Amino acid sequence: MSEKTLPGYLHPRANGQPKRSTRIFGLFAGAALLSLGSLVSFTLSNNAEHRTTRIPLHAEETVLKCRQLLLPPGPPADFASRTISDRFVDGTKPVHIKNATIWTGGVDGHEVITGDILLDRGLIQGVGQLELSSYSELVEYDAQGAWVTPGLFDLHSHVGVYSLPRLDGAADGNSHNGNVQPWLRSLDGLNTHDTAFEAIIAGGITTGVVLPGSANSVGGQAFVVKYRPTAEKTPSAMLLEPPHSIVNGSYVDPTLPPRWRQMKHACGENPRRVYSQTRMDNIWDLREGYNKARVLKEKQDTYCASALAGEWEGLGEYPDDLQWEAFVDVLRGRVKIHNHCYEAVDLDNMVRLTNEFKFPIAAFHHAHETYLVPDALKRAYGGPPAAAIFATNGRYKREAYRGSEFAPKILADNGIQVVMKSDHPVLNSRYLAFEAQQAHYYGLPANLALASVITTPAKIAGMDHRVAAVKPGYDADVVVWDSHPLALGATPKQVWIDGIPQFETPHSVIKPASSQKSPETPNFEQEAKDAVQYDGLPPLKAATSNSGAVVFTNVSEMIIKKESNIITTFEDAGNNVVIVENGHITCSGSCAIAFSEEYANATFMDLQGGSISPGLTTFGSPLGLQHITQESSTGDGPAPNHLAGKVPGLLGPLPLVAAVDGLLYESRDMLLAYRHGVTTGISAPGGRGLVSGFSVAFSTGAGHKLEDGAVIQNSVAIHVTLSLDSSTSVSTQVAALRHLLLEEAAFEDVRKGLQTIVIHVDSADILATLILLKREVEGKTGTAIKLTVAGAAEAHLLAAELGEAGVGVILMPARSFPVKWEQQRVVLGPPLTAETPIGILRAHNVTVAIGVEEQWGARNTRFEVGWAALSASTELSRTEAIALASTELEELLGLTSPSSDLVVTQKGGLLDFESKVVAIISPTKGVVESF
Ligand SMILES: *[C@@H]1O[C@H](CO)[C@@H](O)[C@H](O)[C@H]1NC(C)=O
Ligand SMILES: *[C@@H]1O[C@H](CO)[C@@H](O)[C@H](O)[C@H]1NC(C)=O
Ligand SMILES: *[C@@H]1O[C@H](CO)[C@@H](O)[C@H](O)[C@H]1NC(C)=O
Ligand SMILES: *[C@@H]1O[C@H](CO)[C@@H](O)[C@H](O)[C@H]1NC(C)=O
Ligand SMILES: *[C@@H]1O[C@H](CO)[C@@H](O)[C@H](O)[C@H]1NC(C)=O
């Protein structure tokens, strides 16, 4: 009740209908006792009670409303003493998680407690050594010492509004009706049937902020939701502490403090999508909107000053406006602004805006240049916004071009709060932990890396009074992990939301002991300094190129390609030495000679237990054909679409383009791939037609096409795409392909089994048609064709048939993410399924490789491979895993003489978070290049 917080105030509903006059009198006496907060100042009149003015009927309500404007947002004062959650589902049994290693979220992310957790009535009721004898119906879960964290919190998601599977008719992320529309609400477009929810929970994410898109300067209000399914099955039932007016649109208890609201803002390039604006228009639109809100707020404050003083004469109605009330709330400090904003120019614009209109920004999102301008952030009204960023997804437009993997570390060093986010479905929210892991790998301390996907985002969204901590009184949202959550491939074994276990029969694989601790990551201090010094564009080419003798000492492992296999030459902690001369290994093992006079002038590199491994190969993205994905003037462009009748006559009947003719070297993504051990790229021409043309294999470390070894193979495979997502029917696509395979001169080598054909296909139904087509063509020609399928989301459904037909599979992405309708029947792996697609295909003797879809991802191939090895449902050794992105991939694409570059890492193997790539050994160039 209200007496506690507002002395002297009589609740209008407390005593039935008392006589109006007495109540009004009592009310004003109370008003004089009010202590006023700093947000609004009213003039109070002490002699209000002696006046004789006509008091409007709604006076009481109005006075309450005016007082409510003074309350700061947040939970009610007694919130921490709740004993049951408002989200508790009747019948949920209490759970006793035994023997857990608990990262609680406390002590700035440093607190770890070993012990038990009790979940009951939707809350965490106890943590540590618990006495539970009074509980009868306790469900026991023995964590066996496993890591437990609070559920992850994704501060930037479009789940439900850019809903999966992606259907053109159902995109609800951005309105085209205006540029500044604070009155729109993502809640109104939230599809509870989005197929992503289940997979997201399987990644340990329990709560997220669902934002409108960024194609408007103000896209609308965002909402915090818990991802578990509800009995009611509605968007409303998913909401976590929505504004009171959302819960009950007709009545808001004016004595309650308001709940935090959330709102999307965007600056820079994206708001052009709807109105084709410049940055100047964009900021003006925001200023115009905020000015409207300011005028309205001032009217309200003036009005309230009079109302609270009892000066009703001529006061009229409380000034309000349904379209602008949310923006007024921004000015009242009641809204968490999530501001999509990338570059220095944009960040500066927004900081100026906050000071002009006096409102805080909770976080800059994407925020690729925040690490370059921390001081500008510190000038923001109300304190520096947090930076909510990606780990390695960058360079896709100018705004992102100077993004850095070292940004999390640099921001943290500057005292800026760091949040790692998914922007789902841009990244799959399921793998939010991977963003934190990478941030940690590139220098963000472990406590802050875990906080960046748990406690920090919850705090930024104003929800840290109830989620994102394993503490008594917090929501019962906890995750049991199969390894340390910052270890590569960490996967939940079970997830509870509101105390409800999310998986009936969760599956898991046993992780190695080395995965049970936080990885000891390399030192990237110098790289981080360079990123700042060079304004985000540090030199990426090798620092030295050495054709003389290089002696690697303390090498603990050497893995090489031998014919088409990957073999381990040695693997022990012994102090092995590898001597390289002119880019060729001349000795490996003890090599005592390395310490003789003969090598007195050699360059010595101490690998500190590091490794030498085969250079990896990337396939699937436009790497080598495009610098900036979203800027067509920076790339080769699309190949003609033969089925859409747009083939220029100049090119003759069936022109097949060759990617080799469009190669562009030294893109930043290419150089980053090289620096991270991906030495070969294989790329097909772009475009979405049936036939894109010939792929090319190239060295990612070359300067231009004429350098030795820059082009590894001119024509690798012919690439064809078959999809439901096409302007031509699938049957037309198949008919055309049949014709090409049987008749077309350009396909003669395919017909003769001399040239590999790679068909990009996801649907199992199209795949089945292709297997039949292959049989049909081979029946007519009597020759086996070399067919590989790429993409292959649903390929596991035909694993036996593919194995029998000798068709290999390039899974792309390596970790299934069903975005389109034709990708829906994926196998999602633990904890949802015991099997993984790689496991199922390999069990049927299908040759499997992995690819990446976007060029920024090429650099992460080493981690994808390591992840595959760690999560395989059936044994996949590290050498077999390396083969997924080298020998198997090269074989499936038809690369006949692959590069024999080797990757040198310090302090660990190529596939883990503890090592750093320090050099590439290139026999072709005859050098060792070091970074
Ligand atoms: C907790 O689990 C670890 C790992 O399985 C085990 O060694 C230890 O004995 C367990 N402790 C208790 C108290 O059960
Ligand atoms: C909204 O509040 C009013 C007044 O307390 C109440 O009568 C009504 O049932 C509430 N509606 C909902 C949907 O909670
Ligand atoms: C090492 O370099 C010195 C000075 O250039 C030269 O005199 C010597 O012959 C070199 N030794 C070897 C083994 O190459
Ligand atoms: C080799 O490196 C490992 C890991 O850094 C280290 O523990 C070991 O002492 C090193 N051995 C020698 C002989 O330097
Ligand atoms: C896979 O190949 C192995 C070895 O050639 C063979 O023993 C096994 O039966 C094959 N499995 C399937 C499912 O064809």
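The values are calculated or read from the model by the stated rules, or taken from the named source; none is laboratory data. As the structure is a computational prediction, the values presented were derived from the model and not from experiment. Every residue, glycine among them, receives a Cβ derived from its backbone with ideal geometry; neighbour counts consider all protein chains shown. For the accessible areas, the whole protein counts, side chains as well, though only heavy atoms, and no ligand, DNA or RNA atoms are used. Shrake-Rupley method; radii C 1.70, N 1.55, O 1.52, S 1.80 Å.
Highest mean packing comes first when the peptides 197-209, 711-723 are listed by Cβ atoms within 10 Å, giving 197-209, 711-723. Carbon-plus-sulfur accessible fraction, the stretch 585-690 (probe radius 1.4 Å, protein heavy atoms only): 52%. Here each label is just a point 7 Å from Cα along the line to Cβ, and for residue 800 and residue 765 those points are 2.2 nm apart.
Gain on full extension, evaluated as 0.36 nm per residue between residue 144 and residue 344 minus their Cα-Cα distance, stands at 67.2 nm.
Taking a straight line from the alpha carbon of residue 459, these lysines sit under 24 Å away, with near neighbours fewer than eight places off in the same chain left out: 226, 264, 336, 358, 378, 409, 421, 471. Taking θ as phi - 60° and the Karplus parameters 6.51, -1.76 and 1.60, the scalar couplings of the stretch 79-90 work out to 4, 5, 9, 4, 10, 9, 7, 5, 9, 4, 9, 3 Hz in sequence order, x denoting glycine and proline. Apply the a/c threshold of 1.5 to the C-alpha gyration tensor of the chain and tell me whether it is rounded, prolate or oblate. It is prolate, given that a/c is not under 1.5 and a/b is the larger ratio. Between residue 745 and residue 568, the FRET efficiency estimated from the beta carbon spacing at R0 = 30 angstrom works out to 0.05. Each Lys and Arg adds +1 at its Cβ and each Asp and Glu adds -1 at its Cβ; summed about the Cα centre, the chain shows a dipole of about 2260 debye. Computed extension gain for residue 783 through residue 256, at 0.36 nm per residue and net of the alpha carbon distance, reaches 181.9 nm. A simple spin-label model places the labels of residue 80 and residue 597 7.7 nm from each other, with each point 7 Å out along Cα-to-Cβ. Estimated at 0.36 nm per residue, the fully extended path between residue 541 and residue 633 surpasses their Cα-Cα distance by 30.8 nm.
Each residue of the stretch 227-235 was assigned a 3J(HN,Hα) from its phi angle through the Karplus curve 6.51 cos²θ - 1.76 cosθ + 1.60 (θ = phi - 60°); the sequence is 7, 5, x, 10, 5, 6, 6, 10, x Hz, with glycine and proline shown as x.
Among the chymotrypsin sites (Phe, Trp or Tyr not before Pro) within the stretch 206-274, those in coil by DSSP and having at most 14 neighbouring Cβ atoms inside 10 Å are 251.
Close amide H pairs (under 5 Å, H built 1.01 Å from N) link residue 494 with 480, residues at least 5 positions away or on another chain.
Within the straight-line cut-off of under 12 Å between alpha carbons, the aspartates and glutamates reachable from residue 925 are 581, 707, 708, 901, sequence neighbours fewer than 8 places apart in one chain being disregarded. Cβ-Cβ distance of residue 288 and residue 188, R₀ of 30 Å, FRET efficiency by 1/(1 + (r/R0)^6): the value works out to about 0.80.
Taken one residue at a time, the phi angles of the stretch 103-120 give Karplus couplings (6.51, -1.76, 1.60, θ = phi - 60°) of 7, 7, x, x, 6, 6, x, 9, 7, 10, 10, 9, x, 10, 9, 10, 10, 7 Hz. Gly and Pro are set to x. Its Cα gyration tensor gives the stretch 616-898 an equivalent ellipsoid, and the semi-axes of that ellipsoid, as √(5λ) in whole Å with the largest first, are 26, 25, 17. Between residue 896 and residue 170, the distance separating the two model label sites (each 7 Å from Cα on the Cα→Cβ line) works out to 4.8 nm. The relative contact order of the chain, computed from alpha carbon pairs under 8 Å that lie at least 6 residues apart in sequence, is 11 percent. Given +1 at the Cβ of Lys and Arg, -1 at the Cβ of Asp and Glu and no other charges, the dipole of the stretch 54-187 around its Cα centre is 600 debye to the nearest 20. Within the accessible area of the stretch 438-538, the carbon and sulfur atoms contribute 52%, probe 1.4 Å, all protein chains present. Averaged over its residues, the chain has an accessible area of 39 Å² per residue, based on protein heavy atoms and a 1.4 Å probe.
Pairs of lysine residues in the stretch 616-898 that meet both criteria, 8 or more places apart or on different chains and Cα atoms under 20 Å apart, total 4.
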